[in-house]
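Visitor: Pasting a structure below so you can have a look.
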Amino acid sequence: MGLFKITEKYLICIVLIIIALIQLYHSQFDRLTPWKGGGFGMFSTNKRANITAVGYTSSGDSLIINVIGSKFDVPISRNFLTSTKNFPKKEKLEKLGTLIVNSYLHPQKLEIPSNIDRTSADLIKKDEKFYSTAFVPKYYQSDVIARSEKAIKIDKVKIILYETNFFEDGLLYKKRYVDEIYITKKVNKLK
């Protein structure tokens, strides 16, 4: 009877402690952002998940893909992309790769931020042509319109997951590699 009275008296405290422990576990050992999941900000950090994509054409050329979401949900919805960044499970990353590889990619000038670390800046300087253009997944109503805007299709995409750390000193940030997956376009073979 004593345990029941204690549980009844402190039920709300017990529930809040359990929620905090679950959130702490997922923020430390899983890919859950510390700001989500009932953590009340107590486990907050300036680290965040960062998704990068590299596409591969049929000729073997590689290109940078700027992964952005659309408010119109085509080809990638903002809600899905935000959910994937906040909790990047393998299934979500695979779905993101499938959405990218099945859409057209529209070219745009790549803007390099000025506050990147020295290693990244040196890498960009070595291959300026590769880092001059990024491609954005875009929906087109017809292939003719897509070709007129120089949009291209790719055969394979590599989704790379990083953890980004921000530093106060000089407003620099540094990325730490976490994981990567490849998604290849499925080809329908007619028999």
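Visitor: Once the whole set of protein chains is in place, how much accessible area is left on Glu91, using a 1.4 Å probe, in Å² to the nearest 10?
Guide: Surface accessible to solvent at Glu91 totals approximately 120 Å².
Visitor: Hey, what does the equivalent ellipsoid look like for segment 142-183, semi-axes from the Cα gyration tensor as sqrt of 5 times each eigenvalue, largest first, whole Å? Don't skip to the end; give the middle numbers.
Guide: Numbers: eigenvalues 245, 59, 5 Å².
In descending order the semi-axes read 35, 17, 5 Å.
Visitor: Taking a temperature of 10 °C and a viscosity of 1.306 mPa s, what whole-number D in µm²/s does Stokes-Einstein yield for segment 100-191 with Rh from Kirkwood over alpha carbon pairs?
Guide: 99 µm²/s
Visitor: Per residue of segment 142-147, in order, report the coupling 6.51 cos²θ - 1.76 cosθ + 1.60 (Karplus, θ = phi - 60°) as ³J(HN,Hα) in whole Hz, putting x for Gly and Pro.
Guide: Using θ = phi - 60°, the values come out as 8, 5, 5, 5, 4, 5 Hz.
Visitor: Sticking with this one: Give, rounded to the nearest 20 debye, the magnitude of the charge dipole that segment 88-160 has about its Cα centre when Lys and Arg contribute +1 at Cβ and Asp and Glu contribute -1 at Cβ.
Guide: On the way: 15 positive and 10 negative charges, 31 e Å.
The calculated dipole for segment 88-160 is roughly 140 debye.
Visitor: At 0.36 nm per residue, and after removing the present C-alpha to C-alpha distance, how many nm does the segment from Gln108 to Ser148 gain when stretched out fully? Before the final figure, lay out each step's value.
Guide: Values: separation 40, 0.36 × 40 = 14.40 nm, distance 1.44 nm.
The span from Gln108 to Ser148 would gain 13.0 nm if fully extended.
Visitor: What is the diffusion coefficient of segment 60-119 in µm²/s, taking the Kirkwood radius over Cα pairs and the Stokes-Einstein relation at 4 °C with a viscosity of 1.567 mPa s? Don't skip to the answer; put the middle values down first.
Guide: Values: Rh = 13.3 Å.
Rounded, D is 97 µm²/s.
Visitor: Applying a 10 Å radius around every beta-carbon, put 94-103, 64-73 in order of their mean neighbour count, most first. Before the final figure, lay out the partial values.
Guide: Numbers: 94-103: 19.1, 64-73: 15.4.
Top to bottom by mean Cβ count within 10 Å: 94-103, 64-73.
Visitor: Give Lys126/Lys174; Lys92/Lys186; Lys153/Lys174 a once-over and call out the pairs whose C-alpha atoms are over 22 Å from each other. Please list the in-between numbers first.
Guide: On the way: Lys126/Lys174 19 Å; Lys92/Lys186 18 Å; Lys153/Lys174 31 Å.
Cα-Cα > 22 Å for Lys153/Lys174; rest within.
Visitor: Please list, in chain and number order, the residues 5+ apart from Ala53 or on another chain whose amide H is under 5 Å from its amide H, with Hs placed from the backbone.
Guide: The list, which skips near neighbours in sequence, is Ile65, Val67, Ile160.
The values are calculated or read from the model by the stated rules, or taken from the named source; none is laboratory data. Keep in mind that this is a model prediction, so the values were computed, not measured. In this analysis, Cβ positions are derived from the backbone assuming ideal geometry, glycine residues included, and neighbour counts consider all displayed protein chains. All accessible areas refer to the heavy atoms of the entire protein, side chains included, with ligands and DNA or RNA removed. Shrake-Rupley method; radii C 1.70, N 1.55, O 1.52, S 1.80 Å.
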